Amino acid sequence: MEKKELRIVYMGTPDFAVESLRCLVEGGYNVVGVITMPDKPAGRGHKVQYSPVKQYALEHSLPLLQPERLKDESFLEALRAWQADLQIVVAFRMLPEVVWNMPRLGTFNLHASLLPQYRGAAPINWAVINGDTETGITTFFLKHEIDTGEVIQQVKVPIADTDDVGVVHDKLMYLGGKLVTETVDAILNGTVKSIPQEEMAVVGELRPAPKIFKETCRIDWNQPKKRIYDFIRGLSPYPAAWTELHMGDHAPVVLKVFESELVAESHSLPIGTVQTDGKNYIRVAVPDGFVSIRSLQLPGKKRLKVDELLRGFRMEGVLTVQ
């Protein structure tokens with residue numbers, strides 16, 4: 001069978017998933033349908049926003065489904081009508097067996113980690129938060145337990161000490177598009193030799209990648225400075241690490257922190273003490289030195305470099321974060 005004859009159904013939602021879909025469409029593969037999440041109201045005006053994958057599908061006149069529930073018979077009928085030979089899932093949601101078992105060639109997923117490491121919803125964030133120097137992308141066949149199916153292909157990617165999660169996300173996104181088309185070709189050519197994850201060599205313990213919530217993003221200043229530095233870049237630019245700034249008798253101010261720098265300087269200050277010259281720097285005392293904040297955001301304001309923020313925001317009195 002040629003790639004133009006292979007009937008592919010694609011499932012995904014965010015920007016990360018658009019690149020793989022684009023590679024399939026521009027590569028001449030036969031995408032017979034796209035499935036994405038239902039539209040959601042967003043922002044202050046609760047204006048309905050389309051997912052990036054829906055936007056791409058509409059621009060390229062691809063048939064589209066947005067089911068609320070993946071077990072609804074009306075959705076399953078519409079899916080069967082597409083007569084897919086293969087389904088591809090990138091950053092979508094957990095599929096019931098009746099869906100992933102439907103195509104004759106199966107369903108494969110692109111996951112943004114070197115499985116079996118970082119199974120879960122936020123693999124890129126957790127790899128950076130944990131200070132890893134390497135991550136990657138994996139294609140694997142779906143089965144019952146989430147992110148546990150047999151691995152088809154993997155590509156390793158270095159993480160530089162200065163990379164934030166946005167940089168790593170984009171590296172993996174572009175490589176992911178290429179890996180998706182290579183995986184389709186391997187399935188078409190019958191050259192796939194998938195490997196059960198339990199047979200794969202793993203260095204160290206398996207780390208999970210659970211979903212990240214607001215409270216997950218709160219900075220613990222009692223940690224060593226390198227762990228705080230990695231935590232901040234592992235959540236930057238989104239959803240962003242945060243802390244509460246206390247200034248004397250004023251109400252606490254929530255600060256989002258996007259960039260930091262390590263300062264190896266001993267001190268005897270209480271943990272969380274904030275030092276600033278009011279012009280160029282803000283730094284926080286931590287157990288083994290200081291973490292200097294390089295870029296941050298006040299509630300309702302835009303992200304600013306520290307010197308820009310200090311021009312319009314006076315920090316006075318005894319300053320602490322917690």
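Are any of the residues in segment 30-45 surrounded by 14 or more Cβ atoms within 10 Å (Cβ to Cβ) and modelled with pLDDT under 95? No, the conditions are met nowhere in segment 30-45. For Trp242, the test of being under 30 Å from Leu296 (Cβ atoms) and not in a loop (DSSP other than H, G, I, E, B) is passed.
Residue count for segment 149-164 under the criterion of being within 18 Å of Ala91 (Cα to Cα) and touching a Leu at 6+ places or on another chain (Cβ under 8 Å): the result is 5.
Within segment 125-152, which residues are within 18 Å of the chain's Cα centre (by Cα), part of a loop (DSSP other than H, G, I, E, B) and over 14 Å from His111 (Cα atoms)? Matches in segment 125-152: Asn130, Gly131, Asp132, Thr133. If you go through segment 231-241 and pick out every residue that is surrounded by fewer than 22 Cβ atoms within 10 Å (Cβ to Cβ) and either in the same structural domain as His169 (by TED's automatic domain parsing) or closer than 16 Å to Val286 by Cβ (or both), you end up with 0. Glu198 passes every criterion in (1) in a helix (DSSP H, G or I); (2) among the charged types (D, E, K, R); (3) over 30 Å from Arg93 (Cα atoms) apart from (3).
For segment 254-271, the condition holds for no residue, the condition being that it is surrounded by fewer than 17 Cβ atoms within 10 Å (Cβ to Cβ) and aromatic (Phe, Trp, Tyr).
Taking the stated definitions as given, is Glu265 acidic (Asp, Glu) and more than 22 Å from Thr139 (Cβ to Cβ)?
Values: acidic (Asp, Glu): yes; more than 22 Å from Thr139 (Cβ to Cβ): yes.
So Glu265 passes the test.
State whether one or more residues within segment 309-317 are farther than 22 Å from Ile159 by Cβ, at pLDDT 95 or above, in contact with a strand residue (DSSP E or B) (Cβ under 6 Å, 6 or more places away or on another chain) and not assigned by TED's automatic domain parsing to the domain that holds Val167. Within segment 309-317, none of the residues are farther than 22 Å from Ile159 by Cβ, at pLDDT 95 or above, in contact with a strand residue (DSSP E or B) (Cβ under 6 Å, 6 or more places away or on another chain) and not assigned by TED's automatic domain parsing to the domain that holds Val167.
Under the condition of being among the acidic types (Asp, Glu) and modelled with pLDDT under 95, the residues counted in segment 252-278 number 2. If the condition is being outside any strand (DSSP E or B) and among the charged types (D, E, K, R), then segment 153-180 contributes Asp161, Asp163, Asp164, Asp170, Lys171, Lys178. Within segment 42-64, being farther than 18 Å from Val18 by Cα and either more than 21 Å from the chain's Cα centre (by Cα) or among the β-branched types (Val, Ile, Thr) (or both) holds for Arg44, Gly45, His46, Lys47, Val48. Is it the case that some residue within segment 309-322 is under 31 Å from the mean Cα position of the chain (by Cα), closer than 20 Å to Asp132 by Cα and assigned to a loop (DSSP other than H, G, I, E, B)? Within segment 309-322, none of the residues are under 31 Å from the mean Cα position of the chain (by Cα), closer than 20 Å to Asp132 by Cα and assigned to a loop (DSSP other than H, G, I, E, B).
The values are calculated or read from the model by the stated rules, or taken from the named source; none is laboratory data. If you're wondering where the values come from, they're calculated on a predicted model, not measured in any experiment. No Cβ is skipped: glycine too gets one built from the backbone with ideal geometry, and neighbour counts run over all protein chains shown.
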